[in-house]
1. For a footprinting-style exposure proxy, rank 63, 214 by other Cβ within 10 Å, fewest first.
2. Over region 174-263, what is the percentage of antiparallel beta bridges among all DSSP beta bridges, to the nearest 5?
3. Among 295, 126, which comes first, second and so on when ranked by fewest other beta-carbon atoms within 10 Å?
4. Using Cβ counts within 10 Å as a stand-in for footprinting exposure, how do 313, 282 rank, fewest first?
5. Report, in degrees rounded to the nearest 10, the 0 to 90 angle that the Cα long axis of helix 151-160 makes with the longest principal axis of the chain.
6. What fraction of the DSSP beta bridges in the chain is antiparallel, stated in percent and rounded to the nearest 5?
7. For the chain, set up a Gaussian network in which alpha carbons nearer than 10 Å are linked by springs, and say which option among 49, 150, 257 fluctuates the most.
8. Relative to the longest principal Cα axis of the chain, at what angle does helix 3-15 sit, 0 to 90 degrees, rounded to 10?
């Protein structure tokens with residue numbers, strides 16, 4: 001098996017056409033076909049269904065594609081790390097659910113490291129990809145939440161990937177609605193109050209279950225379900241439509257004007273925290289970002305709604321003390 005064969009499979013799966021991939025890569029279609037068939041023969045599986053209507057993945061092919069992408073991505077990261085080592089002093093990457101506080105902490109982190117030649121990245125993405133990013137070392141830190149509903153499933157995924165969850169804060173679920181929304185003046189809302197309205201969620205992929213949703217209380221009744229992939233779109237929809245988004249209640253800067261945050265009457269609690277790899281020692285840069293998170297969370301002026309973890313309070317009280325990779 002060669003890395004180039006894996007790249008061929010990924011490209012064909014994305015394109016749906018072996019001919020177009022061959023043209024793009026400046027190779028003959030016959031050479032491309034032979035490379036794929038040799039890989040299928042070596043593995044003893046059929047990756048693609050071939051017909052006059054085109055090409056599609058088999059069930060084995062879907063599974064293989066997931067592994068192939070991980071291998072190629074790790075190879076690219078390895079190459080990138082060593083080819084750029086002479087010009088960069090390090091890197092720090094974060095994968096997160098769509099949380100404004102994670103972005104705010106990242107901005108503070110960037111400002112504190114303004115003179116650094118290191119490479120930094122923050123990726124707002126799906127829950128499953130956050131876990132995979134940290135598991136495969138693409139990201140140093142992943143930010144997500146646990147609840148009574150999803151904890152068993154999420155922790156199983158974390159254990160399988162040798163990942164550790166550290167709590168940052170506990171929050172009561174809130175709904176975000178526009179200030180002109182019929183519920184905007186309520187001090188609290190119930191499931192019955194929300195039932196007539198549209199529900200907005202961040203997209204998690206076709207195969208994702210409610211356990212991987214980044215919004216709690218996924219079984220609440222609603223008039224219509226709408227998913228989006230980015231915070232800018234979500235903010236725009238919230239500002240103009242009479243639906244709602246369920247989250248921690250921590251609003252982004254752009255949400256303070258025109259968006260109301262209302263607690264939901266529920267026993268559910270969001271335990272928001274970060275995940276790290278148990279077999280990877282966090283860099284100083286990663287620990288710096290975690291401290292920015294902790295400082296920001298402790299500074300929240302919502303004592304009845306946002307409860308910082310003991311680890312976060314301890315870290316902020318004793319600057320420089322690291323607490324990464326410990327259970328809270």
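Coordinate-derived values only; no laboratory data. Owing to the predicted nature of the structure, the values given are computational and were not obtained by experimental measurement. Glycine gets a Cβ as well: all are built from the backbone with ideal geometry, and neighbour counts include every protein chain shown.
1. 63, 214
2. On the way: 8 of 16 bridges.
Approximately 50 percent, going by the DSSP bridge assignments.
3. 295, 126
4. Lowest to highest Cβ neighbour count: 313, 282.
5. 40
6. Values: 28 of 46 bridges.
Expressed as a percentage, antiparallel bridges in the chain total about 60.
7. 49
8. For 3-15 against the chain, the angle is about 70 degrees.
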